[in-house]
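Below you'll find the structure, written out as structure tokens, and then a few comments.
The values are calculated or read from the model by the stated rules, or taken from the named source; none is laboratory data. As the structure is a computational prediction, the values presented were derived from the model and not from experiment. No Cβ is skipped: glycine too gets one built from the backbone with ideal geometry, and neighbour counts run over all protein chains shown.
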Amino acid sequence: MKRSLICGQSTYYMEEGQGVPVIFIHGVGLDLNIWSEQVKALSSKYRVICYDMMGHGKSACPPGPYDLEHFVKQLDDLFSYLNLSEAHLIGFSMGGLVAQSYTLANPHKVSSLTIMSSVSKRSKEQREGILARVEQVEKKGHKVTIEAAIQRWFNKSFMEHHPDIVKQIQQCLENNQPDAYLSAYRVFATADEELYEKLARIKCPTLIITGELDQGSTPEMAELMATVIPHSEVVIFPGIKHMLPIEAAESLNQLLLSRLSKYSKEEMTK
């Protein structure tokens, strides 16, 4: 496993395996470590690359405000640094928004797109809810929303049987740099609105997945994205909330291996 800092100490990344590159992008407040089970499962067949988004983990935390283009440029810098002409993109939650935006800006560089547990065209009520949480963070600090997030993200039975994993996620959220977290959270709260009208321009094979019980990245949002993205399909994981990469790792990995194999074959027959 290779871990390194790139671009003048700006982006922390890791890679493992060889072959067709697959890039994983985590969600707001998290870091590349949420993909540990996916790295294990996919690196025997693919060159798996994970990185910390700006303002997260071991990557740089420049002063805000941030916008979606900052995250797109960071990903494009990673492509350039690693000399990647093309890759499969898999984005979770806010990472799904970054992946969508990158695909729109660089369609020739994206072999396939997986939008995982992400958001699209929030309703007025949903928008008010996320903006209320942003306001909470502004007034009381980034730790104020963590407990509620953990409850939204994990099923009770998983939390009871895997307290160590839940604690790791909680600590990751607590360790965020407050201003960077707030800047990223604002992007997450608003970027779906600017992206929705552009989604029909995504032409690569697209897999849209979420949990049946995900309150923020709902099955309805997944189905809505599929109606406007031409070459897309939806998979809903029954009984799962938000943390698909962790709570549903085994079945998720099987799905990803199946679809990446399919998409790679489709690319070869073009």
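Observations, loosely collected:
- Of everything listed in (1) in contact (Cβ under 8 Å) with a residue 24 or more places away in the chain; (2) of a type outside the set (Lys, Arg); (3) closer than 24 Å to Asp52 by Cβ, the single unmet condition for Asn175 is (1).
- Filtered by the rule that a residue be in contact with a Lys or Arg (Cβ under 9 Å, 6 or more places away or on another chain), buried (at least 17 other Cβ atoms within 10 Å of the Cβ) and closer than 16 Å to Gly27 by Cα, the range 135-175 gives Thr145, Ala149, Trp153, Phe154, Leu173.
- Residue match in the range 46-58 (condition: out of contact with any His (no Cβ under 8 Å at 6 or more places or on another chain) and surrounded by fewer than 18 Cβ atoms within 10 Å (Cβ to Cβ)): yes
- For the range 237-270, the set of residues classified as aliphatic (A, V, I, L, M) and surrounded by 16 or more Cβ atoms within 10 Å (Cβ to Cβ) consists of Ile240, Met243, Leu244, Ile246, Ala248, Ala249, Leu252, Leu255, Leu256, Leu257, Leu260, listed by residue number.
- Residue satisfying condition, being under 12 Å from Ser120 (Cα atoms) and modelled with pLDDT of 95 or more, within set Leu195, Leu173: Leu195
- Close pairs from the range 100-120: first on the phi < 0 side of the Ramachandran plot, partner of a type in the set (Phe, Trp, Tyr) and surrounded by fewer than 24 Cβ atoms within 10 Å (Cβ to Cβ), Cβ under 7 Å, at least 6 apart: Lys109/Phe79; Ser111/Tyr263; Ser112/Tyr263; Ser120/Tyr196
- Only helices (runs of 4 or more DSSP H) whose full extent lies in the range 107-189 are considered here, and the ones with at least 3 residues that are closer than 23 Å to Ile229 by Cα and out of contact with any Cys (no Cβ under 7 Å at 6 or more places or on another chain) are 124-140.
- Test: residue in the range 99-107 that is under 16 Å from the mean Cα position of the chain (by Cα) and closer than 19 Å to Thr145 by Cβ: no
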